[in-house]
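The values are calculated or read from the model by the stated rules, or taken from the named source; none is laboratory data. Computed from a predicted model, the values in this text were never measured in an experiment. Here the Cβ positions follow ideal geometry from the backbone for every residue, glycine too, while neighbour counts run over all protein chains shown. Surface areas here come from the heavy atoms of the whole protein model, side chains and all, with no ligands, DNA or RNA. Shrake-Rupley method; radii C 1.70, N 1.55, O 1.52, S 1.80 Å.
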Amino acid sequence: MVMPPAEHHHRDVSGGAIRAAVFGVSDGLVSNLGLILGVAGADPAPSVVRVAGMAGLVAGAVSMAAGEYNSVRVQNELFERELELERIELRRNPEGETEELAGVYEARGVDGRRARELAAAMMSDPDLALEVHAKEELGMAPGSLGSPIGAATSSFFCFAAGAIVPLAPWFFAEGNAATVASLVLAVVAAVVVGWIIAATAERPVPRVVLRQLLFLLVPAAITYAVGSALGVSGGG
């Protein structure tokens with residue numbers, strides 16, 4: 001007995017929310033750890049580090065959310081404009097669009113006659129014709145656009161989640177103990193993020209985790225060195 005082939009489902013990675021979530025957590029970790037260690041390296045009062053960390057969290061989260069919203073919104077508007085131009089062309093020149101679609105199928109190895117039959121069948125349904133031409137010419141389906149609000153919201157909260165990790169110890173400790181705790185917690189979070197990325201993208205875990213750690217530790221080391229070099233005297 002021949003078993004039917006198993007269905008293969010692809011994850012939807014075209015929207016903005018998933019990308020924003022990954023970048024949000026990573027950027028929150030990297031930027032706020034660098035800011036906190038840079039300020040801590042100058043040896044100020046612990047309250048100064050807390051204020052700087054909270055400012056970095058809020059400013060970074062708002063900035064990331066605004067950037068993601070604008071990015072996805074502009075992408076959608078450009079795609080919608082191209083989609084409207086394609087809709088007009090399908091109404092104005094259906095024969096030419098049919099030949100164009102048939103040419104696409106022929107270029108993929110379909111017999112000329114069969115390619116024209118397929119193209120004509122697609123063109124018989126205006127909605128299907130628009131969807132097929134959008135996929136073939138623009139690389140996106142009309143219903144696959146990401147949500148600007150979804151991307152912005154995801155980016156805001158994910159950045160905040162990443163940024164709070166190195167900041168949290170400064171609410172319970174100070175000095176070297178808080179600095180070390182910030183670094184350790186950020187490293188653990190970066191390893192977890194790298195592991196999730198590797199598992200989701202089916203990439204080698206050690207390589208992705210190492211990449212995340214490098215992106216985290218190199219900027220943190222630089223900012224800490226700058227803070228230490230500038231140094232200020234501070235009280236508790």
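Given a 1.4 Å probe and heavy atoms of the protein chains only, how would you sort Phe215, Phe159, Phe172, largest accessible area at the top? List each step's numbers first, then the result.
Working: Phe215 120, Phe159 10, Phe172 180 Å².
Heavy-atom accessible area, descending, gives Phe172, Phe215, Phe159.
First select every other residue whose beta carbon is under 14 angstrom from the beta carbon of Val39; then total the charges, Lys and Arg +1, Asp and Glu -1. If you can, show how the numbers build up before the last one.
Working: positive: Arg50; negative: Asp43, Glu174.
Net charge around Val39: -1.
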Ranked order, Asp127, Asp43 - accessible area, probe 1.4 Å, largest first: Asp127, Asp43
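Set the Förster distance to 35 Å, then compute FRET efficiency between Leu210 and Glu82 from the Cβ-Cβ distance, nearest 0.05. Write down the numbers at each step before the final one.
Values: r = 40 Å, r/R0 = 1.14.
Efficiency, rounded to the nearest 0.05: 0.30.
If I take R0 = 41 Å and measure r between the Cβ atoms of Leu230 and Ile149 in this structure, what FRET efficiency does the formula 1/(1 + (r/R0)^6) give, to the nearest 0.05? Don't skip to the answer; put the middle values down first.
On the way: r = 41 Å, r/R0 = 0.99.
That pair, Leu230 with Ile149, gives E of 0.50.
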Dipole of the chain, positive direction: furthest Cα of Val218, Trp170, Met123, with charges on the beta-carbon: Trp170
Whole-Å semi-axes of the stretch 31-186's equivalent ellipsoid (Cα gyration tensor): 56, 15, 10
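What is the local net charge at Gly60, summed over the other residues whose Cβ is closer than 15 Å to its Cβ (Lys, Arg +1; Asp, Glu -1)? Write down the numbers at each step before the final one.
On the way: positive: none; negative: Asp27, Glu68.
Counting the neighbours of Gly60, the net charge comes to -2.
Taking the Cα centre as origin and putting +1 on Lys and Arg beta-carbons and -1 on Asp and Glu beta-carbons, what dipole magnitude results for the chain, to the nearest 20 debye? Before the final figure, lay out the partial values.
Details: 16 positive and 25 negative charges, 222 e Å.
Once rounded to the nearest 20, the dipole reads 1060 debye.
Using only the Cα atoms, what convex hull volume per residue in Å³ does the stretch 166-228 have? Please report the intermediate quantities before stating the final value.
Numbers: hull volume 4.6 nm³, N = 63.
That works out to 74 Å³ per residue.
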In Hz, Karplus ³J(HN,Hα) per residue of the stretch 64-77 (6.51, -1.76, 1.60; θ = phi - 60°; x = Gly, Pro): 4, 4, 5, x, 5, 4, 5, 4, 5, 4, 5, 4, 5, 5
Value of D in µm² per second that Stokes-Einstein yields for the stretch 28-100, Kirkwood Rh from Cα pairs, at 20 °C (1.002 mPa s): 133
Dipole-positive endmost among Val191, Tyr105, Asn76 within the chain (Cβ charges, Cα centre): Val191
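Under a 1.4 Å probe, what is the accessible area of the chain per residue, stated in Å²?
Details: 13740 Å² over 236 residues.
Roughly 58 Å² per residue, with all protein chains present.
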Distant-in-sequence amide H partners of Arg203 (H built 1.01 Å from N, under 5 Å): none
Distribution of pairwise C-alpha distances over the stretch 97-219, 10 Å bins, in %: 11, 23, 18, 15, 16, 10, 6, 1
Of all accessible heavy-atom area on the stretch 161-236, the percent that carbon and sulfur account for (1.4 Å): 75
